[in-house]
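The values are calculated or read from the model by the stated rules, or taken from the named source; none is laboratory data. Being a predicted model, the structure only gives us computed values, none of them experimental. Ideal geometry is used to build each Cβ from the backbone, glycine not excepted, and the neighbour counts take in all protein chains shown. What goes into the accessible areas is simple: the full protein's heavy atoms, side chains included, and nothing from ligands, DNA or RNA. Shrake-Rupley method; radii C 1.70, N 1.55, O 1.52, S 1.80 Å.
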Amino acid sequence: MPIREEKNITRRQFVSRSALLTGGISLGLNSAAGSLAAEPETAFSAYQQRRRADLWGLLGELPWQHEPAPPKLVSREEHDQYTLERLVLDLNGMEPVPALLLIPRKLKRPAPGLLFIHWHAGMYDLGKEQLLKGTSVQPAYAPVLAEMGVVTLAIDSWCFGERQHDTNGHRGEEDAFKLALWRGQVLWGMMLFDEFRALSYLASRPEVDPQRLGATGMSMGATKTWWLAALDPRVKMAIDICCLTDYDSLIAAHNLSGHSISYFVPSLLKQFDTAAINELIVPRPHLSVNGRKDPLTPPAGVEKVRDHLLPLYRQYGREQDCRIELFDCAHEETPEMRSLVTGWMRRYLSQADSADRPKT
């Protein structure tokens, strides 16, 4: 069931309540992981819940009080492997959110659900269509996910796709960032809020098993994936491609300019680094694939995050449920990466049974 927010609830109260409803206060384990003493398990889960609330608190004033209206079906397209619904979702009460819902023909109900989060790359006109079209450095995922029987949702983020309100996309994004600050908002927070609400819609679909929800994306979509998984325990599997960025390493590499303005959250470094955000995903399955030659992900920073997370997975879950890899490439998804990604999707999402799924 999607989470319904009461109209007069504060952000911190909502986060605490949502953590309770989605299992955020109970760590849980995969069945093969053995048992832990109750006290450390509860302490770590409670720590994650507090830090999750802190992370939400950095994301500005978000429209928690808005009650989403029912979605609008724009069209339904029949393809060889799937049916594609074009939708308009009411997620934030400020502007409508165009979306794609891919429903495989090979569907076994209840089916796993996946949030596909599009990238940036200055391609403001692409948005959610990346799911269908792919890019020069990442082949389309639509046929792969249809073959796996995964119901997949993709939305246009603020400033992208059908939500690009300025023909100059870069200017439009900067204007949106500045206006959000004036309003007490954070553009990155508004982007993640939409993904959070989109996940609620995906979980509510009659085709979908709400206990088998995943998220994936490349570049900006990768960063949003690990942020969303950290913020929302409903994400049972996270796969980020080419953007696990340790902030200190990025600063040392003098490449803040490599990331768009929407990437930056006021006062973030006073409370969190990349590893501290990602530890909120433990013990849920987390795959991260990155390029050793990618200036957006300095290798030392990727290794720093990996070295922080693996001991936590060993202690609170299963070490094999966390894999953070560097490949000899730049900002691209190689065939080797694609093979690893699809293997994880099959293992943890499309073919996962009750014994394999994490119970966070």
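At a glance:
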item: Residues located in the range 221-241, provided they are in a helix (DSSP H, G or I) and not hydrophobic (A, V, I, L, M, F, W, C); result: Gly221, Thr223, Lys224, Thr225
item: Matching entry among Ala203, Ala222, Ala230 (being under 18 Å from Ile155 (Cα atoms) and either touching an Asp or Glu at 6+ places or on another chain (Cβ under 6 Å) or surrounded by 23 or more Cβ atoms within 10 Å (Cβ to Cβ) (or both)); result: Ala222
item: Gly169 being in contact with a helix residue (DSSP H, G or I) (Cβ under 9 Å, 6 or more places away or on another chain), buried (at least 17 other Cβ atoms within 10 Å of the Cβ) and not hydrophobic (A, V, I, L, M, F, W, C); result: no
item: Leu153 being farther than 25 Å from Leu73 by Cβ, open to solvent by less than 20 Å² (accessible area, probe 1.4 Å), at pLDDT 95 or above and touching a helix residue (DSSP H, G or I) at 6+ places or on another chain (Cβ under 7 Å); result: no
item: The range 77-98, subset of a type in the set (D, E, K, R) and not in a strand (DSSP E or B), residue farthest from the chain's Cα centre (by Cα); result: Asp80
item: Helices (runs of 4 or more DSSP H) (entirely within the range 112-220) containing at least 1 residues that are over 27 Å from Pro335 (Cβ atoms), out of contact with any strand residue (DSSP E or B) (no Cβ under 9 Å at 6 or more places or on another chain) and without any contact (Cβ under 8 Å) to a residue 24 or more places away in the chain; result: 169-182
item: Among (1) outside any helix (DSSP H, G or I); (2) more than 17 Å from the chain's Cα centre (by Cα); (3) under 24 Å from Thr334 (Cα atoms), the one test that Asn290 misses; result: (2)
item: Condition broken by Glu325, with the remaining ones in (1) part of a strand (DSSP E or B); (2) surrounded by 19 or more Cβ atoms within 10 Å (Cβ to Cβ) satisfied; result: (2)
